[in-house]
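For reference, the structure discussed in these notes is given below.
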Amino acid sequence: MKTLLSLALATSALASPATAADLQSFQVEKGHYQAILGDCAACHSKAGGKLYSGGEPLETPFGTLVPPNITPDRETGIGAWTKADFRNTMKNGVGKDGKHLYPAMPYPSYHLMPDEDVDDLWAYLQTVEPVHHAVEANQLPFPFNQRIVMRGWNWLNFEPEPFQPDEKQSAEWNRGAYLVQGPGHCGTCHTPKSALGADESDAALQGATLQGWYAPNITGQKRIGIGDWSKNQIVAYLKTGSNGHAIAAGPMVEAIQDSTSQMKDDDLQAIATYLLSVKADDEDGGGEQPKPLASDDSQMKAGAEIYRTSCAACHGMDGKGAEHLFPALAGSAAVQQDDVSTLIHVILAGAKGPYTKDRPTAPAMPSFAFHLSDEQVADVATYIRNDWGNAAPAVSADAVGDARGAD
Amino acid sequence: MNRRTFLTTTAVGLVALASGVAQARSISGAVPWEAFAGEPPTPVTPGGWHFFQPREVVLMEAIVDRLIPADDLSPSGRDCGCVVYVDRQLAGSFGEAARLYMKGPFLPGLPTQGYQNSLTPAGRYRAGLAAFDKAVSDTFGGRFETLSPGKQDQALSELETGKLKLSGKVDGKGFFALVLENTMEGFFADPVHGGNRDMASWKMIGFPGARYDYRDWVDQHDKPYPRGPVSILGNIVQAKAG
């Protein structure tokens, strides 16, 4: 009986023309997905705060910016904005009343989004709970606090053009390229920046340091990129936070929790296809492969002993870790990066993996800041970069001291 | 239904009634976590005496050197820091019996009832060492630390058996047991507490200390574990030395 009734209801729903309200809710739903793709929450929300009511301060090389409140509150949010204001913000970096934005707001990426998607996002943001919370976004020092300087910056660094599909590539590849370069704004963290803070487009996705973390190379490079990962491993990493061997840490944890874990599988597949196709400068064989340090090197010997007492219980003497629980260090790109910020940060501060529907454990590593001296962190980091087939330059105690001082 | 079943079921029923409707709730989300979190152990501060007075230090060092003499197996109790360990314990919560019920009435108990006296461990050491010092001088014709090792052993043995009587309210047998127990603690406990210097006792018995991964050794029978001991503070101690 119940089945019959629901069948009847479903039939009538199909039969009746979509109402304006239906269309609107459909648009809001699509807009919600745009918010996931663009990961608005990463910057515009903060832990313990209301959704989109303003985020944690961003430390940029130019000074501090605070992501503003984008709830529909009229006074402190974007409740008094028009759809045109919003479009102009997303696509040109120019907010209401002609106010120039700083590219910490990734409009150089978002401008690739079609108007329809931006409008959907606008429709969705209208439905979010308005929160009265004033945020002073611009906390930059002079002269950077003069928004007018962004005009010059945009003239030099920003060409607002729509996404150009590559006809020679598959539809999936093009979807991936659009997601990575556009709403996903992966390059905001993973692409090195010029002295002006603009993307170095010829080094796209080859890794960059920000806020004490190194956002690694995510090109198809084998040793320090993700070229050794299968497409499915990339999808699993983005969807669950773990691909069995690598587990996300640092700012990527939030990107996975708030954004990629909620993306559609097709989109994740597209992203993986695209990323694997991106070739880095020093493609395998082209760049010089470092040789592992000798095992009788004094740092290696000291590091091995520290590893045995402090690390091996979880990561294993073979460096293979435990699937989905403790990341493998053997073969890990994160461990062998030239830039050791992330490696040092994880050893000193500890790390916690993402919490996702598929992998709710969110395994964590404890802080070793109190336990190991600068020399010891350097020794053990040097050791794990040069055993089990890994090879990377030694880490100096000074680098650890600098990182410790910065935190 | 026997009486016991009846009583049990009634009790369960009453508890269920009192707690009312079950408020089942499923909780999900990540466990809270903080970067740089940690509760490092605090090593005892070296140097000086926090509880013992100079005379007590002389006496204690002479005593622990007889309880754990320097020999082929290990350095002496004094050199291993046993007196430092006891000193810091007596200056802290152990000394003031913070975890014991210390209000009256104080009546002699049975051996199975444990310590029943009103003195805290700190008080027992203060009174006990003074009384032992005097009893040894009176009985053996010299201060404890000046006696020959044989005579020192005899004095301690007589304290242990109760033959050497102490004045005041200290029970000599109980006092000896306390000193012996605390000396062994100082000898075998992690160096973080001030004793077991250089992990001497762990090296002596082949205890590898605060290691926690023996998977490589699970199926290797009848072989001694080859690696030296690690202290809870191991790495900090190394860091300070280096």
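The values are calculated or read from the model by the stated rules, or taken from the named source; none is laboratory data. Model, not experiment: these values are computed from the prediction. In this analysis, Cβ positions are derived from the backbone assuming ideal geometry, glycine residues included, and neighbour counts consider all displayed protein chains. What goes into the accessible areas is simple: the full protein's heavy atoms, side chains included, and nothing from ligands, DNA or RNA. Shrake-Rupley method; radii C 1.70, N 1.55, O 1.52, S 1.80 Å.
A few comments on the model shown:
- Candidates are the residues of the range B:175-200 that are more than 14 Å from chain A (Cβ to nearest Cβ) and either of a type in the set (Lys, Arg) or more than 15 Å from the chain's Cα centre (by Cα) (or both); the one that is least open to solvent (accessible area, probe 1.4 Å) is B:200.
- Scanning the range A:375-385 turns up one or more residues that are facing chain B (nearest Cβ under 9 Å), assigned to a helix (DSSP H, G or I), open to solvent by 30 Å² or more (accessible area, probe 1.4 Å) and not small (Gly, Ala, Ser).
- Tally, over the range B:35-59, of residues that are within 14 Å of chain A (Cβ to nearest Cβ) and open to solvent by 90 Å² or more (accessible area, probe 1.4 Å): 2
- Of all residues making up the range A:187-219, the number that are more than 19 Å from residue A:392 (Cβ to Cβ), in a loop (DSSP other than H, G, I, E, B) and touching a residue at least 60 places away in the same chain (Cβ under 8 Å): 6
- Sub-6 Å Cβ pairs linking a first residue in the range A:294-323 that is more than 9 Å from chain B (Cβ to nearest Cβ) to a second residue that is polar (S, T, N, Q) and buried (at least 19 other Cβ atoms within 10 Å of the Cβ), at least 6 apart or interchain, are A:299/A:382; A:303/A:382, ordered by first then second residue.
- Considering (1) closer than 20 Å to residue A:334 by Cα; (2) surrounded by fewer than 20 Cβ atoms within 10 Å (Cβ to Cβ); (3) in contact (Cβ under 8 Å) with a residue 40 or more places away in the chain; (4) small (Gly, Ala, Ser), the lone condition that residue A:397 does not fulfil carries the number (3).
- A single entry from A:395, A:400, A:335, A:380 fulfils the requirement of being in contact with a Gly (Cβ under 6 Å, 6 or more places away or on another chain) and among the aliphatic types (A, V, I, L, M): A:380.
- Per the listing B:77, B:95, the residue uniquely open to solvent by less than 20 Å² (accessible area, probe 1.4 Å), under 18 Å from residue B:191 (Cβ atoms) and not in a helix (DSSP H, G or I) is B:77.
- Unique match (being of a type in the set (D, E, K, R), surrounded by fewer than 20 Cβ atoms within 10 Å (Cβ to Cβ) and closer than 18 Å to residue A:389 by Cβ) among A:318, A:339, A:358: A:318
- Cross-chain or 6+ apart pairs with Cβ under 6 Å, the range A:258-275 first and open to solvent by less than 50 Å² (accessible area, probe 1.4 Å), then of a type in the set (D, E, K, R) and not in a helix (DSSP H, G or I): A:259/A:39
- Scanning the range A:113-133 for residues that are surrounded by 19 or more Cβ atoms within 10 Å (Cβ to Cβ), among the acidic types (Asp, Glu) and in a loop (DSSP other than H, G, I, E, B) returns no hits.
- Among the residues of the range A:325-348, none qualifies, meaning not one is outside any loop (DSSP other than H, G, I, E, B), at pLDDT below 90 and not small (Gly, Ala, Ser).
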